[in-house]
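Below is one structure, written out as structure tokens; comments come after it.
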Amino acid sequence: MSKINFLKPDKENLNTFLYLGSFLFLISVLDVSLNSFFSLNITGFLPGFLSFLLPLILGFVGLYFIRIELSGNKKLDLLNKNINTNNFNAVLSLLIIFIIIKSIPPILSWFYIDASFAGDSKDVCTGSGACWTYIKVWMRRFMYGMYPNAEQWRINLSFIALALLGSVGYFTTDRFKKYLTLYYVVIYPFIAFLFIFFFISGGPVFFDFSYGIIAAILSIILGFFIPNRFKFYYFLIVPFTLYVLLKYFIFYEELIELGKLDGLNWVETGAWGGLSLTFIISFFCLIFCFPIGMAFALGRRSGFPLIRYISVGFIEFWRGVPLITVLFMSAVMFPMFLPEDFFIDKLVRAIIAISLFEAAYVAEVIRGGLQALPRGQYEAAKSLGMGYWKMHIFVILPQALKLVIPGIANTFLALVKDTPLIFVVGLLEIVGMLNLAKTNPEWLGFAMEGYVFAAIIFWIICYAMSKYSYNLEQKYKTDR
Amino acid sequence: MNFKLKDIVPQLITVLAVVLVFGFFTYNAQVNMENRGIDFGYGFLSQESSFDVQFSLIEYDGSHSYFRAYLVGLLNTILVSVIGIIFATILGVIVGIARLSPNYLINQFAAFYVEFFRNIPLLLQIFFWYFAALRALPLPQDAEPMFGVTYLTIKGLFVPAFIWQNFNIFFYSLVAAIIAIIVIKTHAKKVQETQGKQIPVLLISLGLILILPLLSFLIGGVRLSFEVPVLKQLATTSFIYEGGVSLPPELIALTLSLSLYTATFIAECVRAGIQGVGKGQKEAAASIGLTPNQVLKLVVMPQALRIIIPPTTNQYLNLTKNSSLAAAIAYPDLVLVFAGTALMQTGKAIEIVSITMFTYLTLSVSISILMNWYNKKIAITEK
């Protein structure tokens, strides 16, 4: 047995140091835990300052003793490597452990132990914990806004149907895989639109929108029969012309009638709200901002100077202003720019504004992908005799989009997180509803519960989206 | 000149479409304004505004012009952005480095922080801090002083004000110190390049920046005193602190949420930047005999900064734009004062929204131009 130097832990006295160090470390953790869970202060006899610092000192000495390099004990080595490489790291590790132990009881008691769940009035919330009764009572408003209670099955049914239709991609056989893109880009949005138009609204809300969508679908279908060399001009002219034709030569009253299903009441967009509105807005903005962004990304890389300048101007303009001013514009300025009898619903205006705004960001992301592709890809495609559109659709864009999956996912995340801003135009999605509920005289003082509730929902949505995008990125990662 | 029809037609059609759309909008705007009896013009900027703003950096009340109100809003926006940027940078750099720490607990803690704050909408965070967290603070009469002179209450943060005498001398001494440091730095670089000697620049600069202002206190007659906030009774149950500087709770909630939110993005930029420096670079630097500190200072950081700075500037820009969310909690920033109150009073929708947008546009375009210039300057010239 050699002499023990306590200032220099070594391998020879491994067991001594290990037991001593772990003992000290455990005592420090025990002290903090007792203090935190049972509010016992076992070091209370010491002067205040020392009593406060004692666990840290004990833990530090303990960790110092067990910091023995290449001890031969695998678990100890792993521990040392991960939380105990040097004095500074040891202190930080201890602090983090203590903070975690300290913060568990208050959070737990607020969330669960002292919280009230039962009942349906404010009276049950007497404890010091959260009042989840408040959330329970207001649940329908947080989910559906002012949508009439009796009609809410329409929203549920539409969302379930859309979710089922959206999951088609997972179940298709190889035979139908090639149609998936067409399905998701054209057919699925159209079905979703029909659901919202006929079912959730049940009235003439989206009539102006419907012209645009019908014009787009018609022109895409007709587009298959147009020879390649005219396709550009075709898509430049026909959709807009169709839109104008539909708008001014077919009476919209007929479409309004078309929008009504027998037996369904019209629920105007002002009554929509809550989480369902968040979903509706995110969904449509997501669908619209992607093609617009792609078009401007291509425009910015176009060989035609005028088209390039216009694209640059568009992108920089939208990227330079905050979304809130864009929504202000759509609320107060945009109506001035339209003919007097021309009315666009405020939800549609908000969707247009957010789509254009996010499109600029999508455009920049896609441009990054286009620039990252080696020139050889363009040249190879050209040397095969492909034209501009063929080259981009079959060679460039598939590769570029794969590269920018994380960027696009970030933009979509930003979009979802931006939806609460529509309070500017007077629409109340979940955060707006929370603020409304908070000011209800019968339920004053429960702001915290509401915000925590919304934060959890948004966190789950956003975290799930970011993890999904990470999976996509891994799935489509191709080595080049 | 070899004009091809194929090149001209698409451009012409696009331009035509844009012109048509804009023309359509302008025509409608004219008709609408005529019908409603509104005339277009920026003359209202010099009219008396006759509304009050809660918090303002410059002297302002209802008798000042709308332009002055615009300036108040702009300054408030800049104030909250600058404070937010400073805190977000400090926090972001710490968290970014912590995410690369070999210590498992620390990097998991940092990762948790990033994942947590990044995935919650900023507006929700602002509401949370303003309506829920800061409402739990004590009333002014119950507040415990921090450091004896600072009070954090439900009505805001009250800190002592600095009262300077001969502030300009102090300022000149600071400027002189900075100039001296720059001169010494260039000189040190020259010496190192020609003679290979190293001058301890950091020590000298630290000394200069401490000693010169200190001298101004001793010799230049600069005096610094504090005005401490004092509790004052307004009514039987209403108290407020007077004297010192008061920061409204809106400003606190806004800077807190903006910096916590933006710091997560900056942390990711920092992490990506440091990870982006190739391992070979560090090994090569170590193999020519540089110490770990020198490796970090001379090899890793210059390369990492090249990756870090562009996206971080973007985040600064985002923070500035996001500060417009202030309107939601009634912090008098540009959007609330100008696009909110002034718009309501004058009804000049087009003028006011366009001025507001143009202001933000100028801010971001000027920063992008600066950024492009910087990028070009530091870009590695490839052969």
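The values are calculated or read from the model by the stated rules, or taken from the named source; none is laboratory data. It should be emphasised that the depicted structure is a prediction, and the values quoted were computed from it without experimental measurement. A quick note on method: Cβ atoms are made from the backbone with ideal geometry, for glycine too, and the neighbour counts reach across all protein chains shown.
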Looking at (1) aliphatic (A, V, I, L, M); (2) farther than 15 Å from residue B:351 by Cα; (3) out of contact with any Pro (no Cβ under 7 Å at 6 or more places or on another chain), can you tell me which one residue B:53 breaks?
-> (3)
Odd one out for residue B:90, checked against (1) at pLDDT 85 or above; (2) closer than 29 Å to residue A:330 by Cβ; (3) more than 14 Å from chain A (Cβ to nearest Cβ) = (2)
Would it be correct to say that residue B:83 is within 29 Å of residue A:450 (Cβ to Cβ) and either touching an Asp or Glu at 6+ places or on another chain (Cβ under 6 Å) or within 11 Å of another protein chain (Cβ to nearest Cβ) (or both)?
-> no
Can you pull out the residues in segment B:54-108 that are outside any loop (DSSP other than H, G, I, E, B) and polar (S, T, N, Q)?
-> B:65, B:76, B:77, B:81, B:89, B:107, B:108
When only residues in segment A:404-432 that are assigned to a helix (DSSP H, G or I) and more than 19 Å from the chain's Cα centre (by Cα) count, which is surrounded by the most Cβ atoms within 10 Å (Cβ to Cβ)?
-> A:424
Going through segment A:322-354 in order, the residues found to be over 21 Å from the mean Cα position of the chain (by Cα) and at the interface with another protein chain (Cβ under 7 Å from one of its Cβ atoms) are A:325, A:328, A:329, A:332, A:333, A:336, A:337, A:338, A:339, A:340
Within the set of pairs 6+ apart or on separate chains, which have a first residue in segment B:294-317 that is under 9 Å from residue B:273 (Cβ atoms), a second that is of a type in the set (Gly, Ala, Ser), and C-beta atoms under 6 Å apart?
-> B:304/B:273; B:307/B:273; B:307/B:276; B:308/B:273
Surrounded by fewer than 22 Cβ atoms within 10 Å (Cβ to Cβ), closer than 22 Å to residue B:266 by Cα, under 23 Å from the mean Cα position of the chain (by Cα) and at pLDDT 85 or above, is that true of residue B:316?
-> yes
Filter result for residue B:329 (farther than 17 Å from residue B:65 by Cβ, at the interface with another protein chain (Cβ under 8 Å from one of its Cβ atoms), surrounded by fewer than 24 Cβ atoms within 10 Å (Cβ to Cβ) and touching a residue at least 12 places away in the same chain (Cβ under 8 Å)) | no
Among the candidates A:90, A:161, residue that is surrounded by 14 or more Cβ atoms within 10 Å (Cβ to Cβ), over 30 Å from residue A:213 (Cα atoms) and modelled with pLDDT of 85 or more | A:90
Just one of B:243, B:220, B:196 is over 30 Å from residue B:255 (Cβ atoms) and at pLDDT below 75; which is it?
-> B:220
Go over the candidates A:432, A:445 one by one and state the one that is out of contact with any helix residue (DSSP H, G or I) (no Cβ under 6 Å at 6 or more places or on another chain) and more than 8 Å from every other protein chain (Cβ to nearest Cβ).
-> A:445
Flagged in segment A:60-80 as of a type in the set (A, V, I, L, M) and within 44 Å of the chain's Cα centre (by Cα), in numbering order, are A:63, A:76, A:78, A:79
Residues located in segment B:203-250, provided they are out of contact with any strand residue (DSSP E or B) (no Cβ under 8 Å at 6 or more places or on another chain), part of a helix (DSSP H, G or I) and either of a type in the set (Phe, Trp, Tyr) or closer than 30 Å to residue B:155 by Cα (or both) = B:250
Quick count over segment B:99-125, residues being more than 9 Å from every other protein chain (Cβ to nearest Cβ), of a type in the set (S, T, N, Q) and either surrounded by 21 or more Cβ atoms within 10 Å (Cβ to Cβ) or in contact with a Cys (Cβ under 7 Å, 6 or more places away or on another chain) (or both), is 0
Has segment A:368-390 got any residue that is assigned to a loop (DSSP other than H, G, I, E, B) and within 14 Å of another protein chain (Cβ to nearest Cβ)?
-> yes
Under the condition of being more than 8 Å from chain A (Cβ to nearest Cβ) and of a type in the set (S, T, N, Q), which residue from segment B:363-375 is surrounded by the most Cβ atoms within 10 Å (Cβ to Cβ)?
-> B:375
Hey, could you check segment A:63-99 for residues that are outside any helix (DSSP H, G or I) and more than 9 Å from chain B (Cβ to nearest Cβ) and say which is nearest to residue A:24 (Cα to Cα)?
-> A:67
Among (1) within 26 Å of residue A:279 (Cβ to Cβ); (2) under 25 Å from the mean Cα position of the chain (by Cα), residue A:397 falls short only on (1)
Scan of segment B:17-48 for residues that are more than 10 Å from chain A (Cβ to nearest Cβ) and surrounded by fewer than 14 Cβ atoms within 10 Å (Cβ to Cβ), ordered by number | B:19, B:23, B:34, B:37, B:39, B:40, B:41, B:42, B:43, B:46, B:47, B:48
Return the only residue of A:141, A:154 being in the same structural domain as residue A:201 (by TED's automatic domain parsing), modelled with pLDDT of 80 or more and closer than 20 Å to residue A:454 by Cα.
-> A:141
Just give me the residues in segment B:126-163 being away from every other protein chain (no Cβ under 14 Å), under 20 Å from residue B:331 (Cα atoms) and among the β-branched types (Val, Ile, Thr), in sequence order.
-> B:153, B:159
Scan segment B:155-174 residue by residue and report those that are within 25 Å of the chain's Cα centre (by Cα) and without any contact (Cβ under 8 Å) to a residue 24 or more places away in the chain.
-> B:171
Does segment B:290-301 contain any residue that is within 11 Å of another protein chain (Cβ to nearest Cβ) and crowded, with 17+ Cβ neighbours inside 10 Å?
-> no
